[in-house]
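Here's the structure we're looking at; comments come further down.
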Amino acid sequence: MEKYWLVFKKSLKSELTYRSAALWGIISATLSFLIQIFLWRALLGTGVRNDTSFPDMLLYVLLNSFISPLTRANVAGMIENAMIDGTISMELLRPISYKGYMFSQTIGKNIYGVVTATVPVMLISLPLLSGAVLPDMVHILLFFMSALLGIALTFEVTYLAGLLAFWLQRCWFIRFYLHGLRSVFGGTMVPIWFYPEILKNLSYFLPFRYMTFEPINIFLMKSSVEQAWISILAAFLWLIGLSLAGKLVWRAAMKKLTVNGG
């Protein structure tokens, strides 16, 4: 665990080096939050749509600004770059699990992203949250469980996509499609409450809704305790399936790398 902790700290420190990027990140996150708030204010007004009031939507946007950077993962991009510049051979020689190395790096970057993107947004939104209904302790605990599974799910999906770089060399288009699917079926842009029934039903058969939407849904108590446990179980099953698929693809990738490398 000490090795992974060192990788995490190194990743976090590397992000802290670029202070100008942090400043622009704060400005970007703040502007994005304000735009969404003004938009939903105009759409919802003082009324309620689909059992969703403006305070609910405000809390949704705030939670989304926290969970989205926390569940972000560019593992596919990192593996693709390592394949292109040849550093993959050096990375595989490290006395550490390659998957664990990637996960530690990703968490370090995400923690930094949460601090720069969420803290200023929280300061702006606190005066506006007076009408929001906060969850009970049970839903808060279920929220954290669901959010942790969401982090792991995002990593597994992007890791599996990144392994395809061993065959494709470049997999930017896969990352593009994954981002689009997550935006639609993960509820990162528009909550799935407002979707037509066909898209709602389809989202249950994909892993993306369990990355960000379900944790937020649980926090807002739009899911009962029983429904929350069902979504957590579904996310856990997806995690097991993706992890097993990742192991199989990893073995095939190592065989290909060995053959190509002689």
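Results, tabulated for the structure shown:
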{"quantity": "Residue among Ser183, Ser146 that is touching a Pro at 6+ places or on another chain (Cβ under 7 Å) and either part of a helix (DSSP H, G or I) or surrounded by 21 or more Cβ atoms within 10 Å (Cβ to Cβ) (or both)", "calculated": "Ser146"}
{"quantity": "Conditions (1) touching a residue at least 60 places away in the same chain (Cβ under 8 Å); (2) closer than 28 Å to Leu34 by Cβ; (3) polar (S, T, N, Q): number failed by Ser89", "calculated": "(2)"}
{"quantity": "Helices (runs of 4 or more DSSP H) lying entirely in the range 1-78 (those with 2 or more residues that are modelled with pLDDT of 75 or more and exposed (fewer than 12 other Cβ atoms within 10 Å of the Cβ))", "calculated": "19-44"}
{"quantity": "Members of the range 188-222 found to be touching a residue at least 12 places away in the same chain (Cβ under 8 Å), closer than 15 Å to Asp56 by Cβ and not in a helix (DSSP H, G or I), listed by number", "calculated": "Pro191, Leu220, Met221, Lys222"}
{"quantity": "Thr158 being under 30 Å from Thr52 (Cα atoms), touching a residue at least 40 places away in the same chain (Cβ under 8 Å) and not small (Gly, Ala, Ser)", "calculated": "no"}
{"quantity": "Number of the condition not met by Ser223 [criteria: (1) farther than 30 Å from Leu43 by Cα; (2) touching an Asp or Glu at 6+ places or on another chain (Cβ under 8 Å); (3) not aromatic (Phe, Trp, Tyr)]", "calculated": "(1)"}
{"quantity": "Top-ranked residue of the range 114-137 - restricted to ones that are touching a helix residue (DSSP H, G or I) at 6+ places or on another chain (Cβ under 6 Å) and more than 22 Å from Ser104 (Cα to Cα), ranked as modelled with the lowest pLDDT", "calculated": "Gly131"}
{"quantity": "Per-region count, the range 149-180, residues surrounded by 15 or more Cβ atoms within 10 Å (Cβ to Cβ), of a type in the set (S, T, N, Q) and more than 20 Å from Gln105 (Cα to Cα)", "calculated": "0"}
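The values are calculated or read from the model by the stated rules, or taken from the named source; none is laboratory data. Keep in mind that what you see is a predicted model, and the values were worked out from it rather than measured. As a convention, Cβ positions derive from the backbone with ideal geometry for all residues, glycine included, and neighbour counts pool all protein chains shown.
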